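**Student:** Attaching a single structure in structure tokens format; questions to follow.
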Amino acid sequence: MATRNDIVRVAAVGDIHVSRSAQPRLQNLFAQVAERADVLVLCGDLCDYGLPEEAHILAKEISNLKIPVVGVLGNHDFESGQTEEVTKILCAAGIQMLDGDAVEIKGIGFAGAKGFAGGFGRGALGPWGEEIIKSFVHEAVNEALKLESALARLRTEQKIAVLHYSPIQATVEREPVEIFPFLGSSRLEDPLMHYPVQYVVHGHAHHGTPEGKTANGIPVYNVAMPLMLEIFPDQPPFRLLEIPVTHPAPSEPAMAANR
Ligand SMILES: [Fe+2]
Ligand SMILES: [Fe+2]
């Protein structure tokens, strides 16, 4: 079958924390995205307090952006207990919000979930003792299962996992060590062992480290906007991934039948 090769440019950024006064900053960010990218990925903490009015400000700016947008919620989007309304507003503006879901855009598969906290490696919190500890761990397991079921559904060659919390410790390092357990969970790394992807993007650790790798070598990028601004002050505050995608070439137009 004839094929056509393309490079799809994916801009990923998290923690834009839209507030009432965010409009000029957002316009500037999205203008830079529109110039450089074909797809935008938003890695949670879209709204500062999880308020519908903040979601409306983001929705308005997204509606002017003429490229596909995919995203996950972050913990800040939960702050006011209005995630349903916030999600509805963002979806109406055209953002494909992923919560254990998968979507294919321009030949790339995106699997997304918010993720949760709990810590990394030997320090990860276990489901033992008080009921509330078990519930906390259950939430992390649940988010990992959501990511797994999303990954299992992807059939594309190129895949990106989208999270808010980190699946590895390496990209939260530089934050105070005391808060590592609240910045992510290695339980989110497990599904990536069974269903590898080309890249993982996440946010949440505003003062972490921009790059790391999972145990099976998948590049993990912390794309929290405050981190991008701090580490790469001379660049637009998002990570740009250039993904080679092979499409089937459009078939030849059918020959007109002789009459
Ligand atoms: Fe944040
Ligand atoms: Fe966060």
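The values are calculated or read from the model by the stated rules, or taken from the named source; none is laboratory data. Here the structure is a predicted model, which is why all the values come from computation and not from measurement. Reconstructed Cβ throughout: ideal geometry from the backbone, glycine too, with neighbour counts over all protein chains shown. Areas reflect the complete protein model, heavy atoms only, side chains present, ligands, DNA and RNA absent. Shrake-Rupley method; radii C 1.70, N 1.55, O 1.52, S 1.80 Å.
**Student:** Restricting the first residue to the stretch 2-29 and requiring it to be in contact (Cβ under 8 Å) with a residue 24 or more places away in the chain, which pairs with a second residue that is polar (S, T, N, Q) and within 16 Å of ligand 1 (Cβ to nearest atom) meet a Cβ separation below 9 Å and a spacing of at least six or different chains?
**Tutor:** From the stretch 2-29, the pairs are Gly14/Asn222.
**Student:** Are any of the residues in the stretch 82-96 open to solvent by less than 10 Å² (accessible area, probe 1.4 Å) and farther than 23 Å from Ile243 by Cβ?
**Tutor:** Among the residues of the stretch 82-96, at least one is open to solvent by less than 10 Å² (accessible area, probe 1.4 Å) and farther than 23 Å from Ile243 by Cβ, which makes the answer yes.
**Student:** Specify which of the listed residues (Asp77, Asp99, Asp45, Asp38) is open to solvent by 40 Å² or more (accessible area, probe 1.4 Å) and under 18 Å from the mean Cα position of the chain (by Cα).
**Tutor:** Asp99
**Student:** To continue, here is another question. Would you mind stating whether Lys159 is under 16 Å from the mean Cα position of the chain (by Cα), in contact (Cβ under 8 Å) with a residue 24 or more places away in the chain, within 16 Å of ligand 1 (Cβ to nearest atom) and closer than 27 Å to Phe232 by Cα?
**Tutor:** When the stated conditions are applied, Lys159 does not pass them.
**Student:** Among the candidates Val137, Val141, single out the residue that is away from ligand 1 (no atom under 16 Å from the Cβ), out of contact with any strand residue (DSSP E or B) (no Cβ under 8 Å at 6 or more places or on another chain), open to solvent by less than 20 Å² (accessible area, probe 1.4 Å) and not basic (Lys, Arg).
**Tutor:** So the residue among Val137, Val141 that is away from ligand 1 (no atom under 16 Å from the Cβ), out of contact with any strand residue (DSSP E or B) (no Cβ under 8 Å at 6 or more places or on another chain), open to solvent by less than 20 Å² (accessible area, probe 1.4 Å) and not basic (Lys, Arg) is Val137.
**Student:** Hey, among Ala55, Ala102, Ala12, Ala117, which residue is closer than 16 Å to Ala224 by Cβ and in contact with a helix residue (DSSP H, G or I) (Cβ under 6 Å, 6 or more places away or on another chain)?
**Tutor:** Ala117
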